[in-house]
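Have a look at the structure below before the remarks.
The values are calculated or read from the model by the stated rules, or taken from the named source; none is laboratory data. For clarity, every value in this text was computed on a predicted model and none was experimentally measured. Glycine gets a Cβ as well: all are built from the backbone with ideal geometry, and neighbour counts include every protein chain shown. In case anyone asks, the SASA skips ligands and DNA or RNA and just uses the protein heavy atoms, side chains included. Shrake-Rupley method; radii C 1.70, N 1.55, O 1.52, S 1.80 Å.
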Amino acid sequence: MLKRLFWDSEQRRIAMLWRLLLQALLFFVLITLFPMLAVLLIAPTLAAQNGMSFEQLLAELESPALGLSPEILFVLKFSMLLGVLLSVWLAGRFLDRRRFANFGLHLNRDWWTDFGFGLFLGAFSMAAIFLVEWAAGWVTITGVLVSTREYSLPFWQGLGFTWLYFVAVGIQEELFSRGYQLKNLAEGLRGVPLLGARGAIVAATLLSSALFSGLHIGNPNATFVSTFNIFLAGIFLAMGFILTGELAIPIGLHITWNFFQGAVFGFPVSGMASAFSILGVQQSGDALITGGDFGPEAGLIGVGAMVLGSMMTIVWVKARYGRATPLAALAQPELLRRKNT
């Protein structure tokens with residue numbers, strides 16, 4: 001009995017709970033270590049480019065004000081992404097015994113088509129939020145092609161770095177929360193009585209969304225409402241994964257939801273302002289509806305967009321694949337065969 005808590009003899013690998021804990025430990029170590037190495041590599045060059053001493057640049061990097069220039073933010077986020085990719089690959093190879101592609105990254109034609117839909121869905125959802133708020137008088141346009149402070153970068157170059165930053169965010173968070181956590185939870189829960197494969201997927205979606213929400217508790221302007229709504233956003237983002245078994249829709253959706261929210265329409269993104277945005281806006285109205293300083297995803301209008309987006313995802317998957325139910329195979333392990341078996 002004790003052995004079963006640590007080792008799955010049927011699948012010949014460590015038990016689900018320990019896979020999740022060890023991968024999470026590896027995840028946090030690498031996303032801390034890689035940015036530190038990146039800072040040591042790029043700091044002298046960035047300091048010279050910005051007319052700062054090495055010590056001044058390090059002080060800016062440690063500032064809680066998050067006034068970092070987009071290229072610095074991108075380098076830090078990209079280094080974190082490398083850490084996430086490595087943590088999932090290592091965990092997949094040595095803990096899960098599965099191929100990296102089996103975390104939802106079978107990059108075939110269908111994958112890229114669904115990815116395109118995800119990009120559209122995120123942009124459409126945020127455009128709908130902006131238009132509703134603008135029509136209701138809850139948002140006023142205060143400028144175009146704005147930045148939060150003076151940067152050495154030209155606007156469009158800064159916007160390009162902002163796009164790359166959100167690309168890294170989308171891949172990083174979806175691979176960790178949906179690709180690794182949801183997948184492993186679904187496999188581990190499928191043997192629970194009365195759940196079955198699809199019930200395990202639903203339970204895994206709820207648990208992984210709660211963990212995803214917990215990662216955002218420390219964001220600026222976070223509240224109980226914003227934390228609960230991020231939990232709902234986790235379910236929304238998971239929808240494409242549990243229906244297709246691939247991360248194409250979630251990654252595309254995550255990228256453009258964040259980018260259009262912050263860098264196009266000027267809203268806060270999970271409590272943080274984008275350094276560059278095509279529109280500058282001033283919000284008013286009830287924060288319970290608009291999300292206030294945390295951004296639309298913390299308001300009822302964001303929940304409405306998630307509901308609409310979930311319905312659109314179901315329609316898309318039904319039209320593409322002829323069904324729109326949780327993919328039972330997601331709860332089935334796809335293990336690498338050992339050479340001696």
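Checking the structure you have, find out if any residue of the range 312-332 is touching an Asp or Glu at 6+ places or on another chain (Cβ under 6 Å), buried (at least 19 other Cβ atoms within 10 Å of the Cβ), small (Gly, Ala, Ser) and touching a residue at least 40 places away in the same chain (Cβ under 8 Å). Yes, the range 312-332 contains at least one residue that is touching an Asp or Glu at 6+ places or on another chain (Cβ under 6 Å), buried (at least 19 other Cβ atoms within 10 Å of the Cβ), small (Gly, Ala, Ser) and touching a residue at least 40 places away in the same chain (Cβ under 8 Å). Just one of (1) under 21 Å from Lys77 (Cα atoms); (2) open to solvent by 30 Å² or more (accessible area, probe 1.4 Å); (3) not in a helix (DSSP H, G or I) fails for Trp156. It is (3). Being of a type in the set (D, E, K, R) and within 26 Å of Ala15 (Cβ to Cβ), is that true of even one residue in the range 144-165? No - not one qualifying residue is present in the range 144-165. The numbered conditions (1) polar (S, T, N, Q); (2) crowded, with 23+ Cβ neighbours inside 10 Å; (3) in contact (Cβ under 8 Å) with a residue 40 or more places away in the chain are all true for Ser209 except (3).
If the requirement is being in a helix (DSSP H, G or I), surrounded by fewer than 22 Cβ atoms within 10 Å (Cβ to Cβ) and in contact (Cβ under 8 Å) with a residue 40 or more places away in the chain, which of these qualifies: Leu175, Leu164? Selected residue: Leu164, the only one of Leu175, Leu164 that is in a helix (DSSP H, G or I), surrounded by fewer than 22 Cβ atoms within 10 Å (Cβ to Cβ) and in contact (Cβ under 8 Å) with a residue 40 or more places away in the chain.
Whether a residue is more than 25 Å from Trp89 (Cα to Cα), part of a strand (DSSP E or B) and not hydroxyl-bearing (Ser, Thr, Tyr) was assessed, and Val132 does not pass this test. All told, Gly118 meets the bar of being closer than 17 Å to Leu247 by Cα, touching a residue at least 40 places away in the same chain (Cβ under 8 Å), in contact with a His (Cβ under 9 Å, 6 or more places away or on another chain) and of a type outside the set (S, T, N, Q). On the basis of being closer than 24 Å to Glu133 by Cα and open to solvent by 20 Å² or more (accessible area, probe 1.4 Å), does Met306 make the cut? So Met306 fails the test.
Would you tally the residues in the range 182-198 being closer than 17 Å to Leu330 by Cβ and either open to solvent by 20 Å² or more (accessible area, probe 1.4 Å) or in contact with a Gly (Cβ under 6 Å, 6 or more places away or on another chain) (or both)? Before the answer, list the steps.
Going through the range 182-198, the residues closer than 17 Å to Leu330 by Cβ turn out to be 182-192, 195-198.
Going one step further and asking which of them are either open to solvent by 20 Å² or more (accessible area, probe 1.4 Å) or in contact with a Gly (Cβ under 6 Å, 6 or more places away or on another chain) (or both), we end up with 188-192, 195-198.
Residues meeting the conditions: 9.
Given Ala263, Ala287, which one is small (Gly, Ala, Ser) and open to solvent by less than 10 Å² (accessible area, probe 1.4 Å)? Let's see the steps before the verdict.
Details: Ala287 fails: open to solvent by less than 10 Å² (accessible area, probe 1.4 Å).
One residue alone meets the criteria, Ala263.
Look at (1) outside any loop (DSSP other than H, G, I, E, B); (2) open to solvent by 60 Å² or more (accessible area, probe 1.4 Å); (3) under 21 Å from Leu327 (Cβ atoms) and you find that Phe117 fails only one, number (2).
Restricting Gly292, Gly245, Gly271 to those that are surrounded by fewer than 24 Cβ atoms within 10 Å (Cβ to Cβ) and over 20 Å from Asn221 (Cβ atoms) reduces the list to Gly245. Is it the case that Leu81 is modelled with pLDDT of 65 or more and out of contact with any helix residue (DSSP H, G or I) (no Cβ under 8 Å at 6 or more places or on another chain)? No: the conditions fail for Leu81. The residue pairs whose first member lies in the range 270-287 and is of a type in the set (D, E, K, R), whose second member is part of a loop (DSSP other than H, G, I, E, B), and whose beta carbons are closer than 9 Å, counting only pairs six or more residues apart or on different chains, are Asp286/Trp138; Asp286/Gly299. Close contacts from the range 31-43, counting a first residue that is without any contact (Cβ under 8 Å) to a residue 24 or more places away in the chain and a second that is part of a helix (DSSP H, G or I) and open to solvent by 40 Å² or more (accessible area, probe 1.4 Å), with Cβ to Cβ under 7 Å and a gap of 6+ residues or different chains, come to Ala43/Phe54; Ala43/Leu58. Residues that are under 20 Å from Leu22 (Cβ atoms) and assigned to a helix (DSSP H, G or I): does the range 190-202 have at least one? Scanning the range 190-202 turns up no residue that is under 20 Å from Leu22 (Cβ atoms) and assigned to a helix (DSSP H, G or I).
Here's the yes/no breakdown for (1) modelled with pLDDT of 95 or more; (2) closer than 16 Å to Ser213 by Cβ; (3) among the hydrophobic types (A, V, I, L, M, F, W, C); (4) over 16 Å from the mean Cα position of the chain (by Cα):
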{"residue": "Asn229", "(1), (2), (3), (4)": "yes, yes, no, no"}
{"residue": "Ala233", "(1), (2), (3), (4)": "yes, yes, yes, no"}
{"residue": "Leu237", "(1), (2), (3), (4)": "yes, yes, yes, no"}
{"residue": "Phe241", "(1), (2), (3), (4)": "yes, no, yes, no"}
{"residue": "Glu246", "(1), (2), (3), (4)": "yes, no, no, no"}
{"residue": "Pro250", "(1), (2), (3), (4)": "yes, yes, no, no"}
{"residue": "Phe259", "(1), (2), (3), (4)": "yes, no, yes, no"}
{"residue": "Val269", "(1), (2), (3), (4)": "no, yes, yes, no"}
{"residue": "Ser274", "(1), (2), (3), (4)": "no, no, no, yes"}
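The lone criterion from (1) among the charged types (D, E, K, R); (2) open to solvent by less than 30 Å² (accessible area, probe 1.4 Å); (3) at pLDDT 90 or above left unmet by Glu71 is number (3).
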